[in-house]
Each structure stands twice: as C-alpha cells, then as structure tokens.
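J.: After the structure tokens below, expect a handful of questions from me.
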Amino acid sequence: MKKIEKYSFGIGDRFTMQGEAQLRAIMQANDLGIPLVPVWNKSNREHQIVRTVPADTWSEAARAVGALNYAGNWYVDADHINLSNVDAYIPHSNFFTLDVADYIGRQGEAAGQTDMLRKLQPFTGELNIPGIDETFSITEPQLEGIVNKFHMAVKEAALIYRRISAERGNEDFIAEVSMDEVEEAQSPVELFFILLMIDHYGIPAQTIAPKFTGRFNKGVDYVGDVDQFRKEFEQDLLVIDHAVNIFNLPRNLKLSVHSGSDKFSIYPVIGELIRKYDKGIHVKTAGTTWLEEVIGLAMAGGEALALAKSIYSSAFQRMDELCGPYATVIDIDKQKLPDPSEVDAWDSARFAGTLRHIPGHTDYDPMFRQLIHVGYKVAAEMGTAYLEMLEKHKEIVGSQVTENIFDRHIKRLFDL
Ligand SMILES: [Zn+2]
C-alpha cells in the first residue's frame, strides 16, 4: 500500500493551468523544513463543469513536477467519487476520496444491520478514550442509531474501495472516506464507531473527512464557535489515535479538512493541536486557486480586468443556477452584493481588494468572493478566451496563486 506523508495539502485547480504556481508554494514550505506533499484534487462535479477529464489533472501535476524538478512524492486525488463515476479516474489517480455522504441514513437489510449492531454492542456502557477527560456513556439505542445512520455509508465505501483495487489489480493507492457534505456534524463518538465499521469492512483508509461543527463555506473563513471546534477536533484526534490502536487501521490515519481553504480562524487551532499530539493532517482546497486567477487578471488591468468584471456580472445574473450545486456550502445574501454597474467603475486595486481574502481589509467582501467562487462555470463557458487570458498574464496570476497558498494558508497552519 502506498503510504501518504504526515502533512499533505490538497490543491485543486479548476482550469489545470496553475500546477506549477501551486507546487511552488509547497516547495517553499519544504525549504523551511515542513515536509508537506502536494495532492492535486478535482471532483467529478468540477470536471463536468469545466469539461476536463481525469487524465488532464494527472498530466498537469506531472508537468509541474517536471518543470520544477520536484523530487518529493505527489498525488492526484479523484475527489468525491462514488461507484457511478469512479471508473474514469482509476488509471489517472493514486488517491481516491470515497464520498458516501449520500448513504448516511440509508437502511440496509435487517439482518446486516443486526449483525453490525452486534459488533458495536460490546461498547455499551462507559467508553473511555485515552486523553479525553470526559467519559462517554454509550447506550444500546444510541448504537442502534449509529448503525442506522452510518452502516450503509461505510458499506458503500467498501464497495468503491474494492472496485478500485480490483480494476487496478493492486492496493497501491491512498483511500480517503468522506462524509463532509452533509448538514449535521459527526460527533467524536460517532467517528469512533464509523472507524470500527471501516475496520470491519477492511478499508485501509489513511484519511477521513468528517463533517466538523460549524460552517465550512467555500472560499471564506470558518463560521462557527471556534472553542467548540477546538474541543471536537481535539477529541477527533484522540479518537483516531485510540481507533488505530485497537482496530486494524493504518497507523498513519489522519483527519482531512474539506473546504479547507480560507478557514483562517481555525488554522492556528488545527496547527496547535496536530503539533501537540504529533499528528498528521490533510487540508483540501480547490476554488481558492480559481479566485486567485480572477484576482491576477483584475490586477493585470485592461482587457483582463474587463474580463474579471464580466465574470462577476454574469455570475450575478445567474446566481441561482450557479449556487444550486453548492447550496450547503455557501451563504450569499444577494441584497448585499454590489451591483455589476457599480463594479464596472472599479479599478484593479478595488476589484482585487474586494475579492482577495485579507481578514480586516476594508475592501474585502466575503459575499462577492463566494459568488465568484461558484462563478467558474462562467469562465469555463468562455473557453479559450479565458484560458488565453490566463496564459497571457501567467506571471501575475501565478504569483497570486503561490502567495495565497503559501503566505495565507501554509504559514498560518504551520505557524511559520
Ligand atoms: Zn468535501
């Protein structure tokens, strides 16, 4: 089995043009002694909207690695895949995010549910997790609820995992189980029993993406109770520690934070806790790079700024359509967005300042940013006109991409 490093960073790239700029940020971290590895992730949803195929992501990554003489390990993540779409990714990925959120709460046949409940029953009573002061009292109805909620999801993850290993003829890849795209957070106790089931089905998951408490909206900061997040994240780390000790799971199993870009208010918490317990982490980002492309174009001025403005204007007109697929992960109040006619009068600095995520900056507008975030479909529809503009201004665009990942993300997470 391929084994993922302790620290990995998911760098999604909608238009597959920023591989080098992204890798540069990872290499800057390496230069400062942080053994971080890159994972190029792209979901099926993104591929469909942008009209790219899994092989494009692989070749982008390979090109970047070659161009920069990067000598470390690197991965391409088939992000949020399921049985219906995994096949196309199998030859072009070495990391698979098995998304089973849709299976949460589904009911399997009664006998299977009863068998699983029997596996959990020995944990009825007091559950102590080393390192957690609080004792959890586990009741039979609670276990039944957990089986009803999560058993089919884990079973589905096993089916996807087996399909990948059968098609590849090996288990030489990273498997992540993701349950993050749901409204309700999974508690540390639920995570413990999910891990038991993952072990039962023999899925060698090396990363797991639960839904954490609070809102993880796309491209903007965390919205929620940071103290509550801290408590839950710390307990999750200890639950995983205990689970890898008593179940047969990979020792390097670690948490994966999805929609992980821009969650600046919790990065210091995550960083502090993984260092306290000497744990690994995977942070997954995607749209933040696309936003930097638009910022770079705005800064380039002239026709590039005009193109950035037209993306905003179209996204504003088509807001409902564009927001639909992201309904659970964005919060936009249309009334608070600037009118496109107003934006038309902005200069480069004003547009870039409104879009760029600098907490406390007077121009920064998270609503504007979230709308552009889902607006990549507009750029995709522009086809070569958009791509050629990126190529023309690749220096300034690339520098924005690198700076965003390194200065605003990696530095905060690793306290550099
Ligand atoms: Zn996700």
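J.: Please find, within region 256-272, the residue that is nearest to the ligand (Cβ to nearest atom) out of those that are out of contact with any strand residue (DSSP E or B) (no Cβ under 9 Å at 6 or more places or on another chain) and not in a loop (DSSP other than H, G, I, E, B).
T.: Top of the filtered list is Val269.
J.: Take the residues in region 41-75 that are among the β-branched types (Val, Ile, Thr) and without any contact (Cβ under 8 Å) to a residue 40 or more places away in the chain; name whichever of them is nearest to the ligand (Cβ to nearest atom).
T.: Ranking the candidates gives Thr52 first.
J.: Would you mind stating whether Thr402 is free of Cβ contacts under 8 Å to residues at least 60 places away in the same chain and either β-branched (Val, Ile, Thr) or surrounded by 21 or more Cβ atoms within 10 Å (Cβ to Cβ) (or both)?
T.: No; evaluated as a whole, the condition is false for this residue.
J.: Hey, does region 136-154 have a residue that's away from the ligand (no atom under 16 Å from the Cβ), among the hydroxyl-bearing types (Ser, Thr, Tyr) and closer than 22 Å to Pro91 by Cβ?
T.: no
J.: Give region 9-68 a look and list any residue that's assigned to a helix (DSSP H, G or I) and of a type in the set (Asp, Glu), or say none.
T.: Glu20, Asp31, Glu46, Asp56, Glu60
J.: Continuing with this model, one more query. Being in contact with a strand residue (DSSP E or B) (Cβ under 9 Å, 6 or more places away or on another chain), farther than 16 Å from Gly66 by Cβ and either in contact (Cβ under 8 Å) with a residue 60 or more places away in the chain or not hydrophobic (A, V, I, L, M, F, W, C) (or both) is the filter here, so list the residues in region 14-37 that pass it.
T.: Arg14, Ala25, Ala29, Asn30, Ile34, Pro35, Leu36
J.: Would you check which residues across region 99-110 are out of contact with any His (no Cβ under 9 Å at 6 or more places or on another chain) and within 14 Å of the ligand (Cβ to nearest atom) and list them?
T.: Matches in region 99-110: Val100, Asp102, Ile104.
J.: If you don't mind, another one. Can you tell me which residues in region 1-45 are over 25 Å from Arg275 (Cβ atoms) and under 13 Å from the mean Cα position of the chain (by Cα)?
T.: Passing the criteria: Gly12, Asp13, Trp40, Lys42, Ser43.
J.: Ok, one more. Considering Leu249, Leu305, Leu297, Leu255, which residue is buried (at least 17 other Cβ atoms within 10 Å of the Cβ), free of Cβ contacts under 8 Å to residues at least 60 places away in the same chain, assigned by TED's automatic domain parsing to the domain that holds Asp339 and in contact with a Leu (Cβ under 8 Å, 6 or more places away or on another chain)?
T.: Answer to the selection: Leu305.
J.: List every residue pair whose Cβ atoms sit under 8 Å apart, with the two residues 6 or more apart in sequence or on different chains, where the first one lies in region 76-93 and is modelled with pLDDT under 95 and the second, anywhere, is hydroxyl-bearing (Ser, Thr, Tyr) and surrounded by fewer than 22 Cβ atoms within 10 Å (Cβ to Cβ).
T.: Qualifying pairs under 8 Å: none.
J.: Do the conditions hold for Ser178, that is, is it of a type outside the set (A, V, I, L, M) and away from the ligand (no atom under 16 Å from the Cβ)?
T.: no
J.: Then there is this: When region 102-149 is examined, which residues are found to be buried (at least 16 other Cβ atoms within 10 Å of the Cβ), over 30 Å from the mean Cα position of the chain (by Cα) and of a type in the set (Val, Ile, Thr)?
T.: Across region 102-149, the qualifying residue is only Ile138.
Every residue, every condition in (1) under 15 Å from the mean Cα position of the chain (by Cα); (2) modelled with pLDDT of 95 or more; (3) within 30 Å of Asn170 (Cα to Cα); (4) within 16 Å of the ligand (Cβ to nearest atom), yes or no:
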position: Met197; (1), (2), (3), (4): no, yes, yes, no
position: His200; (1), (2), (3), (4): no, yes, yes, no
position: Pro204; (1), (2), (3), (4): no, yes, yes, no
position: Pro210; (1), (2), (3), (4): yes, yes, yes, yes
position: Val223; (1), (2), (3), (4): no, yes, no, no
position: Gln228; (1), (2), (3), (4): no, yes, no, no
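J.: Is there a residue being under 22 Å from Phe136 (Cα atoms), outside any helix (DSSP H, G or I), in contact (Cβ under 8 Å) with a residue 12 or more places away in the chain and not hydroxyl-bearing (Ser, Thr, Tyr) anywhere in region 194-204?
T.: No, region 194-204 contains no residue that is under 22 Å from Phe136 (Cα atoms), outside any helix (DSSP H, G or I), in contact (Cβ under 8 Å) with a residue 12 or more places away in the chain and not hydroxyl-bearing (Ser, Thr, Tyr).
J.: Also, I was wondering about something else. Output the residues belonging to region 211-255 that are closer than 30 Å to Phe368 by Cβ and part of a helix (DSSP H, G or I).
T.: Val226, Asp227, Gln228, Phe229, Arg230, Phe233
The values are calculated or read from the model by the stated rules, or taken from the named source; none is laboratory data. Predicted model, so just to flag it, every value in this text is computed and none were measured. Note that we place each Cβ from the backbone using ideal geometry, even for glycine, and neighbour counts take in every protein chain shown.
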